[in-house]
Amino acid sequence: MSSSTKNDSKKKTTINDQEQNSVKIYIDVRPNAKESSIESFQDNVLSVRIDQPPIDGAANKELIEFLSKELSIKKRNINLDKGSKSRNKLLVFDIENESITKDQLFQRIENKLK
C-alpha cells in the first residue's frame, strides 16, 4: 500500500455498514475535562470532552455512557470498535436496534451542538 493510499484511508470519517444496520463514527476524545461535552462535529468526526482520566478504561466507559445519555441511545447499542488506548476512536452505533436512521442519529448529534 502506498503512503498516499494510507493517508487517503485515514481521511475516511463516517462508515456505514453494508447492511445499513449500524453507523461507525470516528470520535476525537479529550479526557480529563472539567465536564463531559460534545464539542464539534466537523468532517463527520465527533469531538468529545470526557471528565474521566484515560486510566483503566474509565474514559472509554464514560464516553459510551455520556453519548448514550446525550443521544438517547442504549449503551448496549454503542460499541468501541477501535482505539481503546487512543484519543482517536471508532464507535459503532447499532441503529437497527434503536429503530432510528443514520440521518436521525446525525440530527441528534447536531441538536446537541446548539
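Check the straight Cα-Cα distances from Lys74 and name the aspartates and glutamates below 15 Å, setting aside those fewer than 8 residues away within the same chain.
Excluding near neighbours in sequence, the set is Glu62, Glu65, Asp94, Glu96, Glu98.
Got a sec? How would Arg76, Arg49 order by Cβ neighbour count within 10 Å, fewest to most?
Arg76, Arg49
Just tell me which aspartates and glutamates come within less than 13 Å, Cα to Cα, of Lys85; anything on the same chain fewer than 8 places away is out.
Once the sequence-local aspartates and glutamates are set aside, what remains near Lys85 is Asp28, Asp56.
Pairs Lys34/Lys69; Lys69/Lys89; Lys61/Lys82; Lys82/Lys112; Lys34/Lys112: which are spaced more than 21 Å apart, C-alpha to C-alpha?
On the way: Lys34/Lys69 18 Å; Lys69/Lys89 19 Å; Lys61/Lys82 14 Å; Lys82/Lys112 24 Å; Lys34/Lys112 18 Å.
Too far apart for the 21 Å limit: Lys82/Lys112.
Values quoted throughout were computed directly from the atomic coordinates according to the rules given, and no laboratory measurement underlies them. For clarity, every value in this text was computed on a predicted model and none was experimentally measured. Note: ideal-geometry Cβ built from the backbone for every residue, glycine included; neighbour counts use all protein chains shown.
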